[in-house]
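Accompanying notes for the structure given below.
The values are calculated or read from the model by the stated rules, or taken from the named source; none is laboratory data. Every value quoted in this text rests on a predicted model; they were computed, and no experiment measured them. Here the Cβ positions follow ideal geometry from the backbone for every residue, glycine too, while neighbour counts run over all protein chains shown. For accessibility, only protein heavy atoms count, side chains too; no ligands or nucleic acids. Shrake-Rupley method; radii C 1.70, N 1.55, O 1.52, S 1.80 Å.
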Amino acid sequence: MNSRLNHPSVSDIEKVLKLDSKKLPSFPQVAAKLLEVSKDETASLADLSKIVETDPGISVRVLEIVNSAMYGLGRKITALSEAVVFLGLDEIKKLAIGMTVFEKMFKSGRTKQFDRLLFWRHCISVAVLSMEIARETGYPDPEEAYIAGLLHDIGKVFLDIQGRTNYGQFIQELSSSSDPVIEKERSIIGMGHDDIGAFFCSKWGLPDKLAMAVKYHHQSFAHLNISKEETLLISIVSLANFLCWTQGIGSFDIIRPPILSPEVEKAIELDNIDIIKCILQMNKEVENISEFYHFVFPSASELRENLLWANIKLSKANTRYYYLEDPLTSIQDVPQSSDKNAPLDIGLELGKPLAKAKSMKEVLDIVMYQVGEIFQPQHWSILLKDPKTSEMVFSIVVGANKKKLKGIRLPLGEGIAGHIMETGESLIVEDVAKDKRFSIRVDKFTGFKTQSIIGSPLKTDDKVFGVIELINRISDDSFTSQDLKTLSSIAEYAAIAIERSYYHQALQKIATKDSLTGFKNRWSFERAVSNKDDVQKRYGTIFSMLVIEISLLRKINETKGRAAGDDLLKKIIKILKKNKRGEDDIFRYGEDTFIILLSQTYMEGAQLVRERILDTFSSAVPEEGEVPKPISISPHTVSAGDFGQLIDLVGKPLSDADVPGKEDTVADIEDSLQSLIEKESNEELSDVKKKQTHGRTVSLKGNFIHLKTKGSGYMSIEKLSLVSIGFRISRSHRIKVNDFLDIQLVLDDVNKSLVERRIVVREIKGNFINADFYNPPPYAKNLGFYLMN
């Protein structure tokens, strides 16, 4: 075998696979012969037909696709020779290879957790996208790129069918991890699907170029002595796979941060190819074929350019962390915090958690926690620009003045943060008393004494949407120019992660919600009832469905216009919300069609809800003489075991239902981020209050060290939560409000867990002290489990 492929040995393969020749999939002969004929420029239609017709089942299936709505041909095609006339030799060849691989290798699996249709959707999406990117980049054989994309994850099939580790259980456990799938395979199973797939591609005698694309679509390949054409093919498949994961079209139903190897960026100039055009072409082709394979596939309008580019930028940063080429440590004279406990590898401490964050709250928690760990400031905050007023808002505040500062607004341009917001440049002020740009208004309001400040802009595409600002070190040392370099790097990656999270959340809402009503949409309904286990978990073993058709809505829209229709729609929203329980779900299935899934409800209960809705509707909506039956409601009760009936029950009467028009644009980040974070911060504040109220009365012992005086003593802890602590001391130790203490305490759990934290004194009553944890970590397992139990 080719040394450039560096295949694992047979003995290594046998450690992860049971090499049972009767069960191991072999590469289909039809597909192999089609690959051979594809390289023969003299091959004719007769040659192609002869090969495909050697497998009658495949021949019939190919003709089924040709005659499907996907191609919309004017008459029925009964022979491959006719199909080629209409669609061309390359198209038929591509369909035949794809269908052969699917039927013979991908269709069925060993474990239900490895959803083969979902997996095939990913493979065929990568294949189509590889072909489109190949055309854009001038790769000489786009069809070869298609085949490479089709087979890139073939190793997963072997892991599922013959793996010594249960691959279904492995997939199930992925949901609790944020590491890349390939890394989890290597650490848990012992080998990645890329190495396994390439091994069998070579064993089957497939071209080395295909095997290399399979092997290196997750790996670095700069060390290989390969041609430009081979480099480009690997890069094309790697990029196509990456783009599919960013679009939510992965091989599993989980979200994972995609990794793009550094060589791909060098081989393909992303700015020089029309990626959006490639994505839309992929969407079009896979959407067309989705009916044939029964995919549940989101529409192209739900996959927007902003999400794509935000993910590309984030993954460029991820790549440098993943391959241990840390951009922070590549700077000469790397800045180190004066605190001896600061993490040595800042890039890995910050970059990998950011890559795994799935929500805006997670991103902000990670950024603010790491800033606290690295710089040890007394106070730090994120100020965001309100697009309506152009004011700067203290949106995220941590430290001594968080309660007073949260939500405070400053005129644009005021103070150090204002200067950074206007110029887009990072800034350090070692002594604010000597800098005219400093505004003393905030200090007067909070009673705080600012001495030193560093700040850095948060920006995307050169548009500044916020500022990270740090004030005063706990140690009273001034911030330095080295600190500024570190903060600037952190701000760069934080901005990318915030942007990615913003667009991901916005687009997830577009993809799953109806924009006018806020109800879940048709795609959400089909997704909700597509899996028996999920249906039973969400709605119970017996549940009911109401199919609601409001013909009056269509009539009003047609006769009185959209404004009148929207007014009626608002009333409908109120009526449906009023008559649903918290555990029920409402879907807008069509323009004038709604569905309510009533969890754990028998027919009698469904009839009661039906009557309530009809009564409320008749009293709230005036009659229209021209519409004899303005609303109709059909109740149905099914068991979770018969969940498949739901699609039929809905599909037959509503097959012609118009899909409601939707607003599928996403506002620019600088126009919406401040209000979104304000909403999430309010929810976070509510969570903090819950954490405080869910604290425990305890009887624990600990000790403390005063950060400034270095005085120490013992403490008797009486109250404990995730964010605060209450304790008694034997004497004052000259402790004052806002002083910092380092504490140690041992929990009285089974493991006698040690908790080490820094606290800020908030209140002193005699010898009893209430304090907040300084910069508590986003995830505190030991303390969290202790408090829950």
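A few remarks follow.
- Checked against a 20 Å cut-off, the cross-linked pairs LYS404/LYS436; LYS184/LYS209; LYS361/LYS459 give Cα-Cα distances beyond that limit for LYS404/LYS436; LYS184/LYS209.
- Too-long pairs where the Cα-Cα distance tops 29 Å, listed order kept, from LYS203/LYS532; LYS406/LYS485; LYS18/LYS537: LYS203/LYS532; LYS18/LYS537
- Under 12 Å, Cβ to Cβ, from ASN738 - net charge with Lys/Arg +1 and Asp/Glu -1: +1
- Legend: translational diffusion of segment 132-181 by Stokes-Einstein, Rh = Kirkwood radius over C-alpha pairs, 25 °C, 0.890 mPa s; D = 184 µm²/s.
- Prolate/oblate/rounded call for segment 104-248, Cα gyration tensor, a/c under 1.5 rounded: prolate
- Fully extending the segment from GLU422 to GLU229, taken as 0.36 nm per residue of separation minus the present Cα-Cα distance, adds 64.8 nm.
- Listed peptides 12-18, 246-252, 139-145 appear in the order 246-252, 139-145, 12-18 once ranked by packing, highest mean of other Cβ atoms within 10 Å at the front.
- Accessible surface area normalised per residue over segment 475-573 is 43 Å², counting heavy atoms of protein chains with a 1.4 Å rolling probe.
- Cα-projected label distance for GLN482 with LYS15, points at 7 Å along beta-carbon direction, nm: 4.2 nm
- With the highest mean first, a sort of the peptides 461-471, 722-732 on other beta-carbon atoms found within 10 angstrom per residue produces 461-471, 722-732.
- Extension gain from PHE768 to ASN166, taking 0.36 nm per residue of separation minus the Cα-Cα distance: 211.2 nm
- A simple spin-label model places pseudo-atoms 7 Å from Cα toward Cβ; at ILE188 and ARG728 they are separated by 4.9 nm.
- Judged by the gyration tensor of its Cα atoms, with axes a ≥ b ≥ c, segment 394-457 is oblate; a/c meets the 1.5 cut and b/c is at least as large as a/b.
- Sparsely packed trypsin sites (Lys or Arg not before Pro) within segment 562-631, loop by DSSP, other Cβ within 10 Å at most 13: ARG581
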